[in-house]
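S.K.: Would you mind keeping the following structure in view while I ask a few things?
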Amino acid sequence: MSIFSLVRLTLIAAVVILLPARTTLAQTPVVSLTASPMHASTPAGSTTAIALIMQHEPGWHTYPNKPVAPEGFAGFDPIATEIEQIQLADGSPLPAWIKPDIAAARWPEPHLIETGALGDRPIKLLSYEGKVVILVPVRIAADAPAGEVRLSATIGYQACDDKVCLMPDAASTNLTLTITPSGTPPQPGDASLFVGFDPEALSPTPDSAAKSSGQPKDGVTPAAGEDPNLAFEVLGLSFSIDTAGWLGKGLLVLIALVGGLILNLTPCVLPVIPIKMISLTQSAGNPARSLLMGVVMSLGILAFWLAIGGVISASTSFKAASQLIGIWWFGLGVGVFILVMSLGMFGAFTVQLPEWVHMVNPKHDTLKGSFVFGILTAVLSTPCVAPFMGTAVAWAAFQPMGMTLLTFGSVGVGMAVPYLLLSANPNWISRVPRTGPAGELVKQVMGLLTVAVAIFFIGTGLLGLVAEQPWLGGVLHWWFIAAVALVTGAWLVLRTFQITRSGIKRIIFTIVAIFIVLPGLAWAHFQTNVAFQNYTPPGAGEQAHGVWHLYDEAKVAKAQDEGKVVVLEFTAEWCLNCKTLEAAVLGRPEVQEALKADGVYAVKVDLTTRSAPGWERLRALGEAGIPLLAIQGPGSTGWAKSNAYTPSWVVDQIQAARETGPGKADDAE
């Protein structure tokens, strides 16, 4: 567990998220990547393509873009070869006038190879090997500036040979596209890589990504061929809009506007309207201020949707606002923010706090607070976008930036209409109690509704977190306790600095706060490490709780000190050869009997994740890939190792290790 993981879990209550550093295994690349443009020069306003060329070292293969588990391996999940990103060579996002369509890339057909055997039957596997060419269409907008643009492309893959699978890896390469003024003829490049490929036929459209995956994209039904009609369904009724003309584009913008209006009636946003009503009652006697607050909040809503439109237009991977809710720290952060806001409605903040705490508190409405509240309202709507206007925004995601911003801006305008109407007519809610017991009751009811929204976002975030790091499921309560301790310590320091000017007292109570916070964090961190070490990935098999022990370096060292024979099986969920050997060799009765014998300590070292601690042990053994079985006898300094072990080899090596005396070494391959 890295320090970054510790920090981001610690600061849940403060919503300060840090992403953990990625770890990689140092290994000799067996797959290289180069790239070549279809045209030596491409005029603005046309579509070209780039070829990404993977070259496999002899004997190595990778899984295809749409991998299929081989016969007899149900549940096996091969790692697909995928284009991870295309960006500028300096690492910055692509400008809006160049749009690679990764979803429409043409992948070559994989072919069957035979690798290993399950019993007497060879394993047939669909794979890539040798030279593999992936063709990616790229649209150049009419307003693209003439000149050279340097791109960087990255492909993720996993390489295996007939004995071992290496850790999932990625390869990157750079290439240069030359853009000429619109109307100039394109100059050909290496035509041999693009035989029979017409990028114009795959020019990015809102349905190209959906067609490439075989699934609708945010409610878009894939259209056939190059038909400009955009098909979609509403309440079970099918419609079609011709997007070739301005009338069709105007209808889609209108759909976006109406969809934004409808968003206010969804469970995602509906609880926000009463909250705004409370703030408007505070200024019901001042129509001008009420209208100003409504306009500023509407600008916040509009700003969010324009920002999302800009990001979607410039990005090659982020193409739907609803993707935000899939990011665990986003959902968790929004949920905590809403929860704090709802506590303010209950009057939880009865002491003087910094002004920013009251920014979105209806009792302390400000211009800045109204703008932030508008952004928050738009954020809350993101999980409910697809059912009401998925067609319009999915289409707009692949249009020129002007049309994309117009469409997303229309969503914002539609969302803002109810708040503008309420703020322009505060008398409509003049009957809502402002003060007294009835007024407090209204605030409390609204606060409870807001708590429900907060629970939804917090729950979604936590489920996403546990899905990414499943070992946290059993220790989240310790992190909640640590978060409370953190808030307590911060509160103690804040109030101490507000109450006294004495430097000594401030230092003393700051030290007290540190002693309140550190034990909680340390204990939560300790429990997380324990959970991580003892975690059994799904599909690891019953043996992980029977013959096999979960990998723990300290326990391995203890077994060695006790004079036991140590057997290390390095495996992973993505390692097909590992699964084959586990079924054909380690599951054999004679092998099981040898592993169960007294004085034998069998350990399953799971390397499914990049951050698994077993990678260090694998490197220490001088290996870079799996499967691997390593056996060491008591007192030995060497290991008997094999990537393609047999039942007799395992039994013989365990027996030989049991007979090995102190100081003897064995390093059989």
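S.K.: Which GluC sites (Glu not before Pro) in the stretch 551-632 pass both tests, a DSSP loop state and at most 14 other beta-carbon atoms within 10 Å?
M.R.: Glu562
S.K.: If you don't mind, there's one more thing I want to ask. With only alpha-carbon atoms counted, please give the Rg and Dmax of the stretch 483-534, in Å.
M.R.: Taking only Cα atoms of the stretch 483-534, I get Rg and Dmax of 14.3, 49 Å.
S.K.: Exceeding 27 Å between C-alpha atoms, which entries from my cross-link table qualify? They are Lys66/Lys124; Lys249/Lys368; Lys99/Lys249; Lys124/Lys555; Lys555/Lys596.
M.R.: Lys249/Lys368; Lys124/Lys555
S.K.: Between Leu463 and Arg150, take the C-beta separation as r, use R0 = 56 Å, and let me know the FRET efficiency to the nearest 0.05.
M.R.: Working from the Cβ atoms, E equals 0.85.
S.K.: Right, something else. With a cut-off of at most 16 other beta carbons within 10 Å, and DSSP calling the residue loop, which trypsin sites (Lys or Arg not before Pro) in the stretch 496-532 qualify? Please list them.
M.R.: Answer by residue number: Arg501.
S.K.: Another one. What is the gain in length, in nm to one decimal, between Ser611 and Lys124 on full extension, counting 0.36 nm per residue of separation less the C-alpha to C-alpha distance?
M.R.: Full extension from Ser611 to Lys124 adds 172.3 nm.
S.K.: Also, I was wondering about something else. Among the trypsin sites (Lys or Arg not before Pro) in the stretch 137-183, which ones are in a DSSP loop with at most 15 other Cβ atoms within 10 Å of the Cβ? Mind listing them?
M.R.: Sparse-neighbourhood loop trypsin sites (Lys or Arg not before Pro): none present.
S.K.: Follow-up. Show the residues, 5+ positions off or on another chain, whose built amide H is closer than 5 Å to the amide H of Ile179.
M.R.: Residues meeting the amide H criterion: Thr42, Gly147, Glu148, Val149.
S.K.: Out of all DSSP beta bridges with both ends in the stretch 31-204, state the antiparallel percent to the nearest 5.
M.R.: 95
S.K.: Compute the FRET efficiency between Thr510 and Leu550 as 1/(1 + (r/R0)^6), taking r as their Cβ-Cβ distance and R0 = 51 Å, and round to the nearest 0.05.
M.R.: About 0.80, to the nearest 0.05.
S.K.: May I pose another question? Nearest 0.05, what FRET efficiency do Glu57 and Lys596 give at R0 = 35 Å with Cβ-Cβ as r?
M.R.: So, using R0 = 35 Å, E works out to roughly 0.30.
S.K.: What is the set of long-range amide H partners of Leu88 at a cut-off below 5 Å, with H atoms built 1.01 Å from backbone N?
M.R.: Residues meeting the criterion, in which the H sits 1.01 Å from N, are Leu94, Ser152.
S.K.: In addition: Under 15 Å from a point placed 7 Å out from the Cα of Asn174 along the Cα-to-Cβ direction: which residues of the stretch 131-153 have their backbone N that close?
M.R.: Label zone hits: 148-153.
S.K.: Another one. Could you give the Stokes-Einstein D for the stretch 33-188 in µm² per second, using the C-alpha Kirkwood radius, 4 °C, 1.567 mPa s?
M.R.: 76
S.K.: Once a ≥ b ≥ c are taken as the square roots of the eigenvalues of the Cα gyration tensor of the stretch 542-659, is the result rounded (a/c under 1.5), prolate (a/b larger than b/c) or oblate (a/b not larger than b/c)?
M.R.: The shape class here is rounded.
S.K.: Using alpha carbons only, how many angstrom separate the centre of the stretch 573-631 from the centre of the stretch 451-488?
M.R.: So the two Cα centres are separated by 33 Å.
S.K.: Using only the alpha-carbon atoms of the stretch 451-490, report the extent along each of the three principal axes, biggest first, to the nearest angstrom.
M.R.: Taking the Cα atoms of the stretch 451-490, the three principal extents are 30, 27, 12 Å.
Where a number appears in this text, it was derived from the coordinates with a stated rule and is not lab data. As the structure is a prediction and not an experimental result, all values here were calculated from the model. Note: ideal-geometry Cβ built from the backbone for every residue, glycine included; neighbour counts use all protein chains shown.
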